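Data block below; observations after.
The values are calculated or read from the model by the stated rules, or taken from the named source; none is laboratory data. The structure displayed is predicted, hence computed values, not measured ones. In this analysis, Cβ positions are derived from the backbone assuming ideal geometry, glycine residues included, and neighbour counts consider all displayed protein chains.
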Amino acid sequence: MFFRSKNKQALLGDLGKASLLGIHLVSCTFVGFAIGYFLDKWLGTEPWFLIGFLFFGIAAGFKNMYLEAKKIHEEERKRDQGLLGKDEQKG
C-alpha cells in the first residue's frame with residue numbers, strides 16, 4: 001500500500017507525487033469546463049458543449065489520477081523489493 005516506506009526521503013517523494021492527484025482532477029475539470037463554456041459562447045449552443053466537455057474533463061482527471069496512483073504504487077513495490085537503483089529511489 002502507499003506510504004509504508006522506511007526511507008524518509010522516498011516517503012517525502014511519494015507524498016509529493018500523491019499531492020498531484022487532486023491537482024490532476026481539478027485542473028482537468030477546469031480545462032474541460034473552460035473549453036465547453038467558450039465554445040458555447042462562441043457557437044450559441046448553451047449549455048451543451050459545457051456539459052459535454054465538463055464530463056470529458058472529469059473523466060480525464062480521474063484517468064490521470066488512476067495512472068499517477070498506479071505509478072506511485074509500482075515504484076513503491078519495486079523499492080520494497082529492492083529492484084530500484086539508488087538513483088531512482090531518490091526521486
| remark: Of Gly61, Gly44, the only residue that is surrounded by 16 or more Cβ atoms within 10 Å (Cβ to Cβ), more than 25 Å from Asn7 (Cβ to Cβ) and of a type outside the set (Ser, Thr, Tyr) is Gly61
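For the chain, give me every one of the helices (runs of 4 or more DSSP H) that falls completely inside it and has 2 or more residues that are at pLDDT 85 or above.
Working: elements: 8-18, 20-43, 48-81, 86-90.
The helices (runs of 4 or more DSSP H) meeting that bar are 20-43, 48-81.
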